[in-house]
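> My questions will all concern the structure given below.
The values are calculated or read from the model by the stated rules, or taken from the named source; none is laboratory data. What you are looking at is a predicted structure, and each value in this text was computed from that prediction instead of being measured. Here the Cβ is made from the backbone with ideal geometry for all residues, glycine too, and neighbour counts use every protein chain on show. Just so you know, the surface numbers come from the protein's heavy atoms only, side chains and all, with ligands and any DNA or RNA stripped out. Shrake-Rupley method; radii C 1.70, N 1.55, O 1.52, S 1.80 Å.
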Amino acid sequence: MPLDFLTLMTVMAANLFMISAALPLIMGRDVSRAARHVQASMLLQAVAWAAIIASSTLWDQALSTVSIACNAAAQWMLYRALEEWLGPRPLRRVLLVLVIAAPLGYTLGFGHYAWRVGWANFLMATILCIVARATLAPVVEANLRWRSLLMGCLLTSAAFTLARGMLGAFTDQYPSFRTPHPVNLAAAVATNVSLVLGTVALLVAWRSEAEHKLRTLAMTDGLTGVLNRRGFTTQGSSLLAHAARHQLPMTAMMLDLDHFKQVNDTHGHEAGDRALQLFARLLGDTCRSGDLVGRLGGEEFGVLLLHNSAPAGLALDRRLRRRLHAASVAELGFALDYSAGMAVLQPGEAGLAELMARADGALYAAKTAGRGRLVAAD
């Protein structure tokens, strides 16, 4: 038996409801905002198609308006997910206006058939194009394959939506549930295919996000939020290679909180943890955005200052020492101090380990000399 348009739309609505139910099971409970937006988008699309199918027999204006509103809101949720994955996206305000205007103009002009059909479809096609545009030019690194697949699905849906709008606004051949039409049947098939492929693209995007988070966790110190030794070594080696290749100055520093064992013994380990967190926060705030900060173990921290030589290290030490004394007394109730060693990258230096070893030797000299000071390596 040949499938008609209504049957195809019913199948698609059922598929959307099943996907909406399956996504939380696949993604789990502890997911990102982007994943939540994707789940909401799928559910809204399912409700939209169920409402438009039901409107063919019951409460036409109310249910068809709900369908337009849910479909537009679904695309807004998808746009929000792309913002989370790719960074700020263009045309945000324009999209929000269109999402509100689509159902509003549709219901206000419901009495004029050509108006409501043309308005709803033209605006929905524009909304789909804006969301498709949002897959381009990511601010953060993102896989091109899932973005291209999702953009293709959105543009395909936009093309058929625009075709339906043209038929309804300018001809008397607008496809309906009861009237067969090539545009209707082709749109139903294309929409079902786009649904499957678009879901695949979104699942790949979610998987990429999850993998990125795992990599970040593996390279981040859980207590202080700065890089751990592994992350510092990995990113520091790349930074040093960049500095050596372009003959840029670089300064390495090793910093160690003075008498940290006494802090734990006197004030407790919770106070010691807060002291480490405070020091890491002030160190990150004192450094520039391009500098590298890591906790290398215990109360020992490492810093790499790119584009800077010894004077920048001396200036950082002065600022950090002043801020640490004031903040530790105010927030912890006792003063913190630290010892530091500094080494400037030399021409032909073999790698990060050699540079950090010289800074560590200078740190040892600072401790031997009485702590609470900065010593520069020869």
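> Only one residue in 263, 303 is more than 27 Å from residue 346 (Cα to Cα) and among the β-branched types (Val, Ile, Thr). Which one?
263
> Can you pull out every residue in region 217-246 that is touching a residue at least 24 places away in the same chain (Cβ under 8 Å) and part of a loop (DSSP other than H, G, I, E, B)?
Within region 217-246, 221, 223, 224, 225, 226, 228 qualify.
> Just name the residue that is farthest from residue 120 (Cα to Cα) out of those in region 147-157 that are surrounded by fewer than 21 Cβ atoms within 10 Å (Cβ to Cβ) and in contact with a helix residue (DSSP H, G or I) (Cβ under 7 Å, 6 or more places away or on another chain).
149
> Separate question: Quick check, is residue 365 modelled with pLDDT of 90 or more, closer than 21 Å to residue 259 by Cβ, surrounded by fewer than 21 Cβ atoms within 10 Å (Cβ to Cβ) and in contact with a strand residue (DSSP E or B) (Cβ under 7 Å, 6 or more places away or on another chain)?
Yes.
> Does residue 330 satisfy the criteria of being of a type in the set (Gly, Ala, Ser), modelled with pLDDT of 90 or more and more than 21 Å from residue 226 (Cα to Cα)?
Considered against the rule, which asks whether it is of a type in the set (Gly, Ala, Ser), modelled with pLDDT of 90 or more and more than 21 Å from residue 226 (Cα to Cα), residue 330 comes out as yes.
> Would you call residue 275 open to solvent by less than 40 Å² (accessible area, probe 1.4 Å), aliphatic (A, V, I, L, M) and in contact with a Gly (Cβ under 8 Å, 6 or more places away or on another chain)?
No.
> Among all residue pairs at least 6 apart or on different chains, which show Cβ distances below 9 Å where the first residue, located in region 303-320, is closer than 12 Å to residue 359 by Cβ and the second is open to solvent by 10 Å² or more (accessible area, probe 1.4 Å) and acidic (Asp, Glu)?
303/291; 304/291; 305/291
> Search region 328-339 for residues that are open to solvent by less than 30 Å² (accessible area, probe 1.4 Å) and pair each with any residue that is aromatic (Phe, Trp, Tyr) and in a loop (DSSP other than H, G, I, E, B) when their beta-carbon atoms are under 9 Å apart and the residues are at least 6 apart or on different chains.
Short answer, once both residue conditions are applied: 328/334.
> Additional query: Right, residue 74: of a type outside the set (Ser, Thr, Tyr), modelled with pLDDT under 90 and part of a helix (DSSP H, G or I) or not?
Spelling it out, it is not the case that residue 74 is of a type outside the set (Ser, Thr, Tyr), modelled with pLDDT under 90 and part of a helix (DSSP H, G or I).
> Oh, and also: Do any helices (runs of 4 or more DSSP H) entirely within region 252-353 hold 1 or more residues that are closer than 17 Å to residue 240 by Cβ, and if so, which?
By residue number, 310-331.
> Can you tell me which residues in region 310-324 are over 36 Å from the mean Cα position of the chain (by Cα) and within 16 Å of residue 257 (Cβ to Cβ)?
Correct list: empty.
> Which numbered condition trips up residue 243, out of (1) out of contact with any Gly (no Cβ under 7 Å at 6 or more places or on another chain); (2) open to solvent by 40 Å² or more (accessible area, probe 1.4 Å)?
The one condition residue 243 does not meet is (2).
> For the list (1) more than 20 Å from residue 315 (Cβ to Cβ); (2) open to solvent by less than 30 Å² (accessible area, probe 1.4 Å), I need the number of the one condition that residue 254 fails.
Single failed check for residue 254: (1).
> Given the conditions (1) buried (at least 21 other Cβ atoms within 10 Å of the Cβ); (2) of a type outside the set (Val, Ile, Thr); (3) without any contact (Cβ under 8 Å) to a residue 60 or more places away in the chain; (4) assigned to a helix (DSSP H, G or I), report the number of the one that residue 89 does not fulfil.
Every listed condition holds for residue 89 apart from (4).
> Scan 98, 44 and give me the residue that is under 15 Å from residue 198 (Cβ atoms), part of a helix (DSSP H, G or I), more than 19 Å from the chain's Cα centre (by Cα) and not polar (S, T, N, Q).
One residue alone meets the criteria, 44.
> So residue 357 fits all but one of (1) free of Cβ contacts under 8 Å to residues at least 60 places away in the same chain; (2) within 27 Å of residue 262 (Cβ to Cβ); what number is the exception?
Looking at each condition in turn, residue 357 falls short on (2).
> For region 92-125, give me the residue count where each residue is farther than 23 Å from residue 202 by Cα and open to solvent by less than 40 Å² (accessible area, probe 1.4 Å).
Qualifying residue count, region 92-125: 15.
> Look through region 325-344, keep the residues that are in contact with a strand residue (DSSP E or B) (Cβ under 7 Å, 6 or more places away or on another chain) and among the aliphatic types (A, V, I, L, M), and return whichever of them is nearest to residue 258 (Cα to Cα).
Restricting to residues being in contact with a strand residue (DSSP E or B) (Cβ under 7 Å, 6 or more places away or on another chain) and among the aliphatic types (A, V, I, L, M), the top hit is 336.
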